[in-house]
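Here is the structure we will look at, set down as structure tokens.
The values are calculated or read from the model by the stated rules, or taken from the named source; none is laboratory data. Nothing here was measured: the structure is a model prediction, and the numbers come from that model. Every residue, glycine as well, gets a Cβ built from its backbone with ideal geometry; the counts of neighbours run over all protein chains shown.
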């Protein structure tokens, strides 16, 4: 890390909702009122009083007095309170313990809380009692908390202002807090800067009066160029999620500290280029086209994530050439697609869709004609990947005879029979279901020639890609009743937004049409919203590229007291040697180094065990062939 200037700084921390995630008196209320039948009503009242005091809507002495009356607390309750507060230290405060150790002489805690519980908490962060300024309780003869020391300046309205005046500290004074009593120090001129700390709570008045908004301590340390756990605060990493991606993804990524924006629809190329300015991570589903033009214009972009199985909508090679890692969700919606396939097979075989349409039109047509059981019928699965295999097992459970064809050698599950040619499968199957990938070579994989090979009266199910079936040939076969029916979920051209849509299959009474919803179940979308963010976080936070679809895969051990450099480069001779020459020049000891390459790029992660300066970074970025370089911590 770079060194800081010589100007003396004093760092003044609030306690409640800053150093800890909670308001201590609210937690004390939870403890003391545990068996009170009006517990929640009283706690809600205490919280309301707390917030009024924090926002400056009532005087602090009034807030404090009213809360203590409602608490009904004893000195013995404070021990339990301290135990709870120890568990509720703010996440980024805990992760930057080294800062408190190294800068202890410059750190003060000035709080409207109470020394009885603050001292034990901050002592573990090397902040001694003499640099903690707070209120103190008053107890009666039975150790019941009955009040507070009213002679203490911090028990008065705007007490922090007077406390800072009395301290008469030399040098710059920076106040870090979440409420009214913190930001008024800046307005009163006793603090040089006020940082609104929003990791735990966000208050509009506080933000409006801040010199800086700090969602975590990492941001505060970054602004001040102080040593910190991570080199670049997560809140400065911007993530854009398009196409109504499940809200769990937003929650997960936000809770990890990233700044996340969501857009419900897809974007055109021009719109996307504009929207990606300053964005580090892009999340899409199937409609947004992440083209070469988009990638080359997005100078900050590090990750593109497909919240679906397919990646056809993303130019993988352009991403690789620009050092952008791509992830997808290859397994998360497998079950959803399989269940739809099973349902559609049964509905086609039983003519359910036709009977339902007739009844909606007022026609009662109770007949067994064209209605058959699936038991004993031959199911032909084209593509025996994750979906094909799971479909194989479920279909066999229904009593179907399962056959499959795949261009790769795949081991059969259960009693499924592997066939050596597509032609053989088409000729024997009562139902053919397609589960093949988005390789461009698969365009019109099923055309007039293939349909002609199918049994008369067979059914076709396509839940894979729209372009793999020649729609004109399929329409012809359905109209002529060569095929008894079809179920189609994907189309050669699909709109970017919900609205009107036309297909030549529209209006055919023996076709089930669905709008690309094979993987669109609540369960699948939740699973995807869990799986993909985990991959994003593993890469951004640690450098892991496991399961990337376009990048060399590296699984890294957990770092420990080391700085980690991530270097993406063209796969040309000598790059590793040049990287290590730079590290040796600055006498940096390598504690771990991990390299993986493919035919185009190399990805090397280096852990070093000592501080570094900006010259190291500058020289590593200049290494010939460098595509992207970043420092994790």
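Quick look at the numbers
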{"quantity": "Residue under evaluation residue 624, criteria (1) in contact (Cβ under 8 Å) with a residue 24 or more places away in the chain; (2) in a loop (DSSP other than H, G, I, E, B); (3) within 30 Å of residue 439 (Cβ to Cβ), criterion not met", "calculated": "(3)"}
{"quantity": "Residue count, region 231-288 (criterion: farther than 27 Å from residue 498 by Cα and more than 16 Å from the chain's Cα centre (by Cα))", "calculated": "3"}
{"quantity": "Filter result for residue 379 (buried (at least 19 other Cβ atoms within 10 Å of the Cβ), outside the structural domain of residue 309 (by TED's automatic domain parsing), part of a helix (DSSP H, G or I) and in contact (Cβ under 8 Å) with a residue 40 or more places away in the chain)", "calculated": "no"}
{"quantity": "Residue list for region 212-233, restricted to those being part of a loop (DSSP other than H, G, I, E, B) and under 22 Å from residue 20 (Cα atoms)", "calculated": "215, 216, 224, 226, 227, 228, 229, 230, 233"}
{"quantity": "When residues of region 484-504 are limited to those that are within 23 Å of residue 361 (Cβ to Cβ) and buried (at least 18 other Cβ atoms within 10 Å of the Cβ), the one nearest to the chain's Cα centre (by Cα)", "calculated": "488"}
{"quantity": "Lone unmet requirement of (1) under 12 Å from residue 567 (Cα atoms); (2) in contact with a helix residue (DSSP H, G or I) (Cβ under 7 Å, 6 or more places away or on another chain); (3) buried (at least 16 other Cβ atoms within 10 Å of the Cβ) for residue 617", "calculated": "(2)"}
{"quantity": "Residue in region 211-225 that is surrounded by fewer than 19 Cβ atoms within 10 Å (Cβ to Cβ), touching a residue at least 60 places away in the same chain (Cβ under 8 Å) and on the phi > 0 side of the Ramachandran plot present", "calculated": "yes"}
{"quantity": "Check on residue 446, closer than 23 Å to residue 310 by Cβ, surrounded by 15 or more Cβ atoms within 10 Å (Cβ to Cβ) and touching a helix residue (DSSP H, G or I) at 6+ places or on another chain (Cβ under 7 Å)", "calculated": "yes"}
{"quantity": "Unique match (being more than 31 Å from the chain's Cα centre (by Cα) and within 26 Å of residue 228 (Cβ to Cβ)) among 578, 628, 585, 621", "calculated": "585"}
{"quantity": "Single residue of region 301-315 satisfying the filter (more than 18 Å from the chain's Cα centre (by Cα) and surrounded by fewer than 24 Cβ atoms within 10 Å (Cβ to Cβ)) that is modelled with the lowest pLDDT", "calculated": "310"}
{"quantity": "Residues of region 232-248 classified as closer than 19 Å to residue 199 by Cα and crowded, with 16+ Cβ neighbours inside 10 Å, total", "calculated": "7"}
{"quantity": "Hits in region 584-609 - residues which are without any contact (Cβ under 8 Å) to a residue 40 or more places away in the chain and farther than 25 Å from residue 322 by Cβ", "calculated": "584, 585, 586, 587, 588, 589, 590, 591, 592"}
{"quantity": "Single unsatisfied condition, residue 492 versus (1) modelled with pLDDT of 95 or more; (2) touching a helix residue (DSSP H, G or I) at 6+ places or on another chain (Cβ under 9 Å); (3) not in a strand (DSSP E or B)", "calculated": "(1)"}
{"quantity": "Residue list for region 350-370, filter: surrounded by fewer than 21 Cβ atoms within 10 Å (Cβ to Cβ) and touching a residue at least 40 places away in the same chain (Cβ under 8 Å)", "calculated": "353, 354, 357, 370"}
{"quantity": "Selection count where residues are part of a loop (DSSP other than H, G, I, E, B), without any contact (Cβ under 8 Å) to a residue 60 or more places away in the chain and farther than 13 Å from residue 505 by Cβ, scope region 446-482", "calculated": "8"}
{"quantity": "Residue list for region 277-297, filter: in a loop (DSSP other than H, G, I, E, B), surrounded by 22 or more Cβ atoms within 10 Å (Cβ to Cβ) and free of Cβ contacts under 8 Å to residues at least 40 places away in the same chain", "calculated": "none"}
{"quantity": "Set 312, 300: member being farther than 23 Å from residue 498 by Cα, part of a loop (DSSP other than H, G, I, E, B) and not assigned by TED's automatic domain parsing to the domain that holds residue 490", "calculated": "300"}
{"quantity": "Test: residue 396 is under 19 Å from residue 426 (Cβ atoms), crowded, with 16+ Cβ neighbours inside 10 Å and out of contact with any helix residue (DSSP H, G or I) (no Cβ under 8 Å at 6 or more places or on another chain)", "calculated": "no"}
{"quantity": "Search result, residues across region 184-201 that are part of a loop (DSSP other than H, G, I, E, B), under 14 Å from residue 15 (Cα atoms) and in contact (Cβ under 8 Å) with a residue 60 or more places away in the chain", "calculated": "199, 200, 201"}
{"quantity": "Set 552, 557: member being surrounded by 15 or more Cβ atoms within 10 Å (Cβ to Cβ) and in contact with a strand residue (DSSP E or B) (Cβ under 8 Å, 6 or more places away or on another chain)", "calculated": "552"}
{"quantity": "Top-ranked residue in region 413-429 [being in contact with a helix residue (DSSP H, G or I) (Cβ under 8 Å, 6 or more places away or on another chain) and part of a loop (DSSP other than H, G, I, E, B); ranked as surrounded by the most Cβ atoms within 10 Å (Cβ to Cβ)]", "calculated": "416"}
{"quantity": "Residue satisfying all of: in region 316-343; within 22 Å of the chain's Cα centre (by Cα), under 14 Å from residue 550 (Cα atoms) and not in a helix (DSSP H, G or I); modelled with the lowest pLDDT among these", "calculated": "330"}
{"quantity": "Which listed residue is farther than 24 Å from residue 519 by Cα and at pLDDT 95 or above, from 359, 394, 425", "calculated": "425"}
{"quantity": "Per-region count, region 164-183, residues touching a helix residue (DSSP H, G or I) at 6+ places or on another chain (Cβ under 8 Å) and not in a loop (DSSP other than H, G, I, E, B)", "calculated": "10"}
{"quantity": "Residue 432 under 15 Å from residue 451 (Cβ atoms), in contact with a strand residue (DSSP E or B) (Cβ under 8 Å, 6 or more places away or on another chain), touching a residue at least 12 places away in the same chain (Cβ under 8 Å) and not in a loop (DSSP other than H, G, I, E, B)", "calculated": "yes"}
{"quantity": "Region 16-35 residues that are within 17 Å of residue 220 (Cα to Cα) and assigned by TED's automatic domain parsing to the domain that holds residue 99, paired with ones that are at pLDDT below 90 and outside any loop (DSSP other than H, G, I, E, B) (beta carbon under 9 Å, 6 or more apart)", "calculated": "17/54"}
